[in-house]
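Structure below; questions to follow.
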Amino acid sequence: MIDKERETTMHHRTSAAILGAAALLATTALSAQAEDIVIGFATGQSGFMQAYDQPATEAALIRIEEINEAGGVLGRQLVPFFSDTKSDRAEGAKAGLEVIEAGADLVVVSCDYDFGAPAALMAEANGKVSFFLCAESVRAGIQGVGPHSFSASVLGAVQGATMAEWAHENLDARNFYVLLDTWTEYNKGICDGFDWRAPMLDGVEIVGRDTFVNDDASIAAQITRITNADPEPDAIMLCSMMPGVVSAIRQIRNAGIEIPILNGSGVDGSYWMDAVPELSEFYIPVQGSIYGDDPDPAVEEFNQRYEAKFGARPSSQYTYPGYVMIDVWAKAVERAGTTDAAAVVAELEKMDGEPTLFGPRTFTSELHHQNQARYHIVKVTDGQPAVVDSWTISEPVPMEALLQ
């Protein structure tokens, strides 16, 4: 899911963070009082999911620290407890049970639905609230786990719908070629959202549609069909993720195709762009900017606090949902006046456009995920990413489109 260079770099950095978290745990586990509120992290602290789970966990720890400094929740301190899923689904259920046995009122699980679900299902069976750190499948919530389960991120379908609407209005794109990497549900979700929204837009035509698999060495046949499309596409809607998306983009540009390429949030970050020298006309949506140019100065303040605490700036926008998760859950507990799961869920489901540092959040009794959200649009020019706009789709993605 990530390239080896990034995985190695993040492994060294996050290993240090894990040791720090373990030291924190050793201290807090001994000093925790009965009135403390335990937050259990049943996440990938080793293995490939570490690269996704650890940055979001670190953001969560920053929000926990802020809340504790302000007096805690209901006058009680928040105490993190960690159990490693080892990026293994079977270990996920064990980790979920371990944090529950440690007294967790909130069970935090991995970014990915498939790898987070075992721990979330354990929380559901024990009547505990669970939050996926940054999963973007509708199943990461009511539809796949149950009524006590939520996700802190935004659905992949919203990303695809956002790019369709934004490109139509701002790039004057009318003819689109859709290229789907069938490897993950996340990729399919991006294209599902695009396919829902694009046909509603004035003058839009899908001039071609193709698929590939993330580890395909060549997409030469697909590129030939893009080149031969009639009418010529104004933009390519590419629904893919690391690591294979880099090869796909490089092959498209090496073929002389210079039209805009749109993608989802999964490729945020500049760490991979040296592999596609001087990449331009590449666009993605992000919840917050890691590049120092977020329209909200408070986001850059967060980036700097994160760097001071963990030794590096956030590597992608997938850091941010961890902060949002703690923020909205703590607000719900305060409003409920208790950590009781049913009462907290009821307060979460009342949130309608709840302000957070990384955009508003809405939860309902039918959907514990975001089917509409404010995104910043990042444009890459000569290998340099920068925020060029902000966009919120004009209407939420309906349930029938999410459940395709």
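The values are calculated or read from the model by the stated rules, or taken from the named source; none is laboratory data. Values in this document were obtained by computation on a predicted structure and should not be read as measured data. When we count neighbours, we look across all protein chains shown, and the Cβ atoms used for this are built from the backbone with ideal geometry, even at glycine.
Out of all the residues in region 202-211, which are surrounded by 17 or more Cβ atoms within 10 Å (Cβ to Cβ) and more than 18 Å from ILE257 (Cα to Cα)?
Correct list: VAL204 only.
While we're here: Only one residue in ALA308, ALA312, ALA298 is small (Gly, Ala, Ser), free of Cβ contacts under 8 Å to residues at least 40 places away in the same chain and surrounded by fewer than 20 Cβ atoms within 10 Å (Cβ to Cβ). Which one? Give the steps one after another, and end with the answer.
On the way: ALA312 fails: free of Cβ contacts under 8 Å to residues at least 40 places away in the same chain; ALA298 fails: free of Cβ contacts under 8 Å to residues at least 40 places away in the same chain.
None of the others qualify; the one that does is ALA308.
Let me ask you something else. Can you name every residue in region 114-136 that is touching a Lys or Arg at 6+ places or on another chain (Cβ under 9 Å) and either over 29 Å from ARG197 (Cβ atoms) or buried (at least 24 other Cβ atoms within 10 Å of the Cβ) (or both)? Explain how you work it out, then say what you get.
In the first step, residues of region 114-136 are kept if they are touching a Lys or Arg at 6+ places or on another chain (Cβ under 9 Å); the result is 114-115, 117-119, 122.
Correct list: PHE115, ALA117, PRO118, ALA119, MET122.
Criterion first (at pLDDT 95 or above, in contact with a Phe, Trp or Tyr (Cβ under 6 Å, 6 or more places away or on another chain) and not polar (S, T, N, Q)) does GLY146 satisfy it?
On the way: at pLDDT 95 or above: yes; in contact with a Phe, Trp or Tyr (Cβ under 6 Å, 6 or more places away or on another chain): no; not polar (S, T, N, Q): yes.
Answer is no for this residue.
Quick one: would you say MET237 is closer than 14 Å to TYR283 by Cα, in contact with a Gly (Cβ under 8 Å, 6 or more places away or on another chain) and modelled with pLDDT under 95? Working first, answer last.
On the way: closer than 14 Å to TYR283 by Cα: yes; in contact with a Gly (Cβ under 8 Å, 6 or more places away or on another chain): yes; modelled with pLDDT under 95: no.
For MET237, the condition - closer than 14 Å to TYR283 by Cα, in contact with a Gly (Cβ under 8 Å, 6 or more places away or on another chain) and modelled with pLDDT under 95 - is not met.
Here's another thing I want to ask about it. Part of a helix (DSSP H, G or I) and hydrophobic (A, V, I, L, M, F, W, C) - does that describe any residue in region 172-183? Step through it out loud before you land on a result.
Residues of region 172-183 that are part of a helix (DSSP H, G or I), as a first pass: none.
Checked against the condition, which is being part of a helix (DSSP H, G or I) and hydrophobic (A, V, I, L, M, F, W, C), region 172-183 yields no hits at all.
Still on this model: Looking at region 70-89, which of the residues that are outside any loop (DSSP other than H, G, I, E, B) and under 23 Å from the mean Cα position of the chain (by Cα) is surrounded by the most Cβ atoms within 10 Å (Cβ to Cβ)? Spell out how you get there, then give the answer.
First pass over region 70-89, keeping only residues outside any loop (DSSP other than H, G, I, E, B): 73, 76, 78-84, 89.
Pick out the ones that are also under 23 Å from the mean Cα position of the chain (by Cα) and you get 80-84, 89.
Working: PRO80: 23, PHE81: 23, PHE82: 22, SER83: 25, ASP84: 23, ARG89: 16.
By that ranking, first place goes to SER83.
Taking the residues in region 184-205 that are among the aliphatic types (A, V, I, L, M) and not in a helix (DSSP H, G or I) as candidates, determine which candidate is nearest to PRO360 (Cα to Cα). Reasoning before the result, please.
Residues of region 184-205 among the aliphatic types (A, V, I, L, M): 190, 198, 200-201, 204.
Add one more test, that the residue is not in a helix (DSSP H, G or I), and what stays is 201, 204.
Working: LEU201: 25, VAL204: 29 Å.
Top of the filtered list is LEU201.
Here's another thing I want to ask about it. Going by the conditions given, is ILE377 at negative phi, assigned to a helix (DSSP H, G or I) and surrounded by 14 or more Cβ atoms within 10 Å (Cβ to Cβ)? Full working, then the answer.
Working: at negative phi: yes; assigned to a helix (DSSP H, G or I): no; surrounded by 14 or more Cβ atoms within 10 Å (Cβ to Cβ): yes.
It is false that ILE377 is at negative phi, assigned to a helix (DSSP H, G or I) and surrounded by 14 or more Cβ atoms within 10 Å (Cβ to Cβ).
For region 307-334, give me each residue that is touching a Pro at 6+ places or on another chain (Cβ under 9 Å), farther than 11 Å from ILE290 by Cα and either among the aromatic types (Phe, Trp, Tyr) or not assigned by TED's automatic domain parsing to the domain that holds GLU65 (or both).
PHE310
Now for a different question. Taking the residues in region 269-295 that are at pLDDT below 95 and either within 17 Å of the chain's Cα centre (by Cα) or among the β-branched types (Val, Ile, Thr) (or both) as candidates, determine which candidate is surrounded by the most Cβ atoms within 10 Å (Cβ to Cβ).
Only one residue tops the list, namely GLY269.
Looking only at residues that are at pLDDT below 90 and of a type in the set (Ser, Thr, Tyr) in region 21-68, which one is nearest to the chain's Cα centre (by Cα)?
That would be TYR52.
Also, quick follow-up: Would you check if ALA164 is assigned by TED's automatic domain parsing to the domain that holds ALA104, touching a strand residue (DSSP E or B) at 6+ places or on another chain (Cβ under 9 Å) and assigned to a helix (DSSP H, G or I)?
Values: assigned by TED's automatic domain parsing to the domain that holds ALA104: no; touching a strand residue (DSSP E or B) at 6+ places or on another chain (Cβ under 9 Å): yes; assigned to a helix (DSSP H, G or I): yes.
The answer is no for ALA164.
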